[in-house]
Amino acid sequence: MRSRLPVLRTRRRYLAFALEAEGEIQPNELMGEIHSSQFSLFGDAGAAKNRLKLISFDGRFGLLRCHHIYIQDTRAILASICSINGIRVALRTKGVFGTIKSATEKYIPQLGKISAENDGRRIELEEVSGWIIRTHGLEVDLCPDDRNKTKGSDTRYLGLTSFDLCGGHEDADGTPDGL
C-alpha cells in the first residue's frame, strides 16, 4: 500500500494531558469515556471528523492525537470528563504540539532518567528538598521547601539537572556533592 503525498495527509496535533484521579484508571476505560463524551458533545458526524486516538497513557500523563482543526473541540471533550467508572477524575491539557517527540520532551516527565530513588514528584537531598513543578528532558524545576533558597530572585523555582540530583558528577557546578 502506497502512502499518501504529504499535501494529501491530514494535519494532526498531539495534546499532552495530565489525569488526576481518586483511583487507578486503565487506558481502555479512559478512551471509552473520551469517546462517550465526544459523541454526546458533537454527535456521530463530529466524532468521525476529529478521529481521536490515544497515543500513550501511563496512568497519570497521556498523549491524544486529533485533527488540527478540532483542537478546541478536543479540549472541550477532555474538560467535560468528570468521572470514569464511578471514579472522580480531572483531565488537564498541558499543551498542543505538532509532533509526538516535542510533546513528550516538553510535557510528559521522564523522571526515571533523572533519579530512580525519588517517588516522581518530591526530592529530598541534604542541601535542598521540595516539590517538582516541571520537567523538561533531564532538567527539573523545583519549588524548594526553604523559601530562602530563592530569596532575592524574581523566580520561585530552582532549576536543577540530573547531574545536580545524582551528585558526584564532575560537571555539576564543580562541587563534589553535585549541588
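Some notes on this structure:
- The stretch 29-62, residues that are more than 19 Å from Ser80 (Cβ to Cβ) and touching a strand residue (DSSP E or B) at 6+ places or on another chain (Cβ under 9 Å): Ile55, Ser56, Gly59, Arg60, Phe61
- Against the conditions (1) within 17 Å of the chain's Cα centre (by Cα); (2) surrounded by 15 or more Cβ atoms within 10 Å (Cβ to Cβ), Gly95 satisfies every one except (2).
- If the condition is being more than 17 Å from Ser36 (Cα to Cα) and among the polar types (S, T, N, Q), then the stretch 73-99 contributes Thr93, Thr99.
- Of all residues in the stretch 96-155, those being modelled with pLDDT of 70 or more, part of a helix (DSSP H, G or I) and among the aliphatic types (A, V, I, L, M) number 2.
- Residue match in the stretch 24-38 (condition: in contact with a Phe, Trp or Tyr (Cβ under 7 Å, 6 or more places away or on another chain), assigned by TED's automatic domain parsing to the domain that holds Ile100 and farther than 22 Å from Arg121 by Cβ): no
- Subset of the stretch 23-73 that is among the hydroxyl-bearing types (Ser, Thr, Tyr) and in a helix (DSSP H, G or I) - its residue that is farthest from Thr99 (Cα to Cα): Ser40
The values are calculated or read from the model by the stated rules, or taken from the named source; none is laboratory data. On a predicted model such as this, the values are computed, not experimentally measured, just so you know. Glycine also receives a Cβ, built like all others from the backbone with ideal geometry; neighbour counts cover every protein chain displayed.
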